[in-house]
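Each remark here refers to the structure printed beneath this line.
A short reminder: the numbers here are calculations on the coordinates, not readings from a lab. Keep in mind the model is a prediction, meaning the values are calculated, not measured. Positions of Cβ are generated from backbone atoms using ideal geometry, with glycine treated the same way; all protein chains shown enter the neighbour counts.
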Amino acid sequence: TGGFTFDPGFTSTCSCESAITFIDGEKGQLLYRGYRADELAQKSNYMEVCYLLLNGELPTQSEYEEFTDAIRMHTMLNESLKRFFTGFHYDAHPMAMLSSIVSGLSAFYHDTTNTADPEHRKIFARRMIAKIPTIAAAAYKYSIGQPMIYPKNELDYSSNFLRMMFAVPAEEYEVDPVAAEALDVLLILHADHEQNASTSTVRLAGSTGCNPYAAISSGIAALWGPAHGGANEAVLKQLSAIGDVSNVDKFIAKAKDKNDPFRLMGFGHRVYKNFDPRATVIREHCHKVLKAYGGDTDGMLELAMKLEEIALKDEYFVERKLYPNVDFYSGIIYKAIGIPTNMFTPMFAIGRTVGWVAHYLEMISDPGMRIGRPRQIYTGATERPYTDIAGR
Ligand code: CMC
């Protein structure tokens, strides 16, 4: 290996030092700056958690007010940016719109791209967190042929997003507090997860010194895949395909069949080998939300729980330590509160934006930062002479 370590999939390579998030995969522990994510989900709110991830400490009352005011101030999009949406085909996936439009922010906010300036870094962070829900909701509105709803900044972060998704112009819209609370919990639990694929992508892109918005856009692209954030959408499609508890055994058998590429979506994790603490909290919230919305009317929760129960008794899943992950139950909540399936991964992106931003800022503030540049094991041809086209 020429003195290099071969580590496909980076299962044992640490790419950086970080003080943001700690995971103990054996214990099923997830800490944001030392605080348990499940405790934060119960007692805190998403804005506080954003402040914590960015600054290392929970905010005081005045810090909290200054931060939330600043986020509210940045929720609007430049009017010219609105034209980006109309360039997309009406059935474009919202993740395609999200990554492109966030990349487009690079061309609008030159006043925050001098990463050597702490003030620029601060405004970039706040802009990114404030604008991502506006962009995601506008992408949805465009896909259903409705006008974009502007942010209403007296609302909290989650309520504002729900209003931008579901209100229509000239009509009153009351945000359901059950939906807003459930969304806030989901955003907290998705806020950061140390060096996952999308965060590593943000760091790698950012290490070149590229525009910060472009670095975040690369993270959104990486999140989209079904092995990562795209799993939440895939879970719900899979549950719909299974359709009924009586079909669970058949699908479990498919997931175990090594000649079949089928996987149980929302199951398994590179780091968690015992349980995913996020999934446990989300499952509890599923019950609460469904209760408020008249029960498990489509039977999705019952089906998911049956799937979990059968899988967790099966030798295949036990041996490989495959447990439900964050994506397994989140879609059931999203569906209950009216979020369409193709918006599930953008919901993940909204929550994770603060994590990407915190990691990006941590990286560029590190005086020892170097460009990310992995090596390879070359397996191609050895040197050979060029043959003219007539002689091939
Ligand atoms: N269904 C069936 N078998 C599975 C599954 C699954 N969901 N996940 C892993 N396995 C098997 C896999 O076939 C392999 O078996 P064997 O040892 O016989 O070859 C073994 O378990 C280890 O799997 P792996 O693919 O080497 O594990 P990984 O750490 O590279 O991948 C993962 C982790 C999350 C990509 C994978 O478990 C997976 O594809 N899960 C389904 C997709 C999913 O839910 N992704 C969301 C992850 S959590 C949130 C996020 O990151 O966005």
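Okay, here's what the table says:
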quantity	calculated
GluC sites (Glu not before Pro) within region 1-103: DSSP coil, no more than 15 neighbouring Cβ in 10 Å	Glu17, Glu26, Glu57
Whole-number percent relative contact order across region 1-45, with pairs defined as alpha carbons under 8 Å at least 6 apart	20 percent
Most mobile listed residue (Gly338, Gly380, Gly351) in the chain, GNM with C-alpha springs under 10 Å	Gly380
14 Å reach of a label modelled at Leu312, 7 Å along Cα-to-Cβ, counting backbone N of region 239-260	none
Residue order, fewest to most beta carbons within 10 Å, for Thr68, Thr13	Thr13, Thr68
Kirkwood Rh and Cα Rg combined as Rg/Rh, region 254-385	1.12
Per-bin percent of Cα-Cα distances, region 1-45 [10 Å]	21, 37, 23, 14, 4, 0
Candidates Ala255, Ala182, Ala349: whichever shows maximal mean-square fluctuation once the chain is modelled as a Gaussian network with Cα springs under 10 Å	Ala255
Global form of the chain, assessed from the alpha-carbon gyration tensor, a/c cut-off 1.5	rounded
Inter-site label distance for Glu171 and Lys256 at 7 Å from Cα along Cβ, in nm	4.9 nm
Selection from Gly28, Ala41, Phe85, by position along the positive dipole direction of region 1-97 (Cβ)	Phe85
Size of charge dipole - the chain - debye, nearest 20, with Cβ of Lys, Arg +1 and Asp, Glu -1, no other charges	1100 debye
Gain in span if fully extended, Glu57 to Gln146, counting 0.36 nm per residue against the direct Cα distance	28.0 nm
Computed E for Asn274/Ile371 - FRET, C-beta separation, R0 35 angstrom, nearest 0.05	0.45
Taking region 133-239 and dividing mean pair separation by its residue count, relative contact order in percent (alpha carbons under 8 Å, at least six apart)	15 percent
Alpha carbon centroid spacing (whole Å) that separates region 24-97 from region 256-283	25 Å
Length gained when the stretch Glu17-His89 is fully extended (0.36 nm per residue, less Cα-Cα span)	21.7 nm
Top of Lys141, Lys291, Lys152 by mean-square fluctuation, Gaussian network on the chain, Cα under 10 Å	Lys291
Debye, to nearest 20: dipole size of region 177-291, +1 on Lys, Arg Cβ, -1 on Asp, Glu Cβ	300 debye
Anchor Lys335: lysines whose Cα lies under 19 Å away (excluding residues fewer than 8 positions away in-chain)	Lys141, Lys237, Lys288, Lys291, Lys306
Nitroxide proxy distance, nm - points 7 Å out along Cα→Cβ at Tyr386 and Lys27	6.1 nm
The chain: relative contact order in percent, alpha carbon pairs under 8 Å with at least 6 residues between	23 percent
Mean residue ellipticity (222 nm) of the chain, computed from DSSP H runs ≥ 4 via -39,500 (n - 2.57), nearest 500	-16500 deg cm²/dmol
14 Å Cα-Cα reach of Lys256 towards aspartates and glutamates, excluding residues that sit fewer than 8 places from it in its own chain	Asp314, Glu315, Glu319
Kirkwood hydrodynamic radius of region 109-155, Cα pairs, Å	12.3 Å
Cα-only radius of gyration and Dmax that characterise region 280-345, units Å	12.8, 38
Between region 313-391 and region 160-218, the Cα center-to-center distance that results, in Å	16 Å
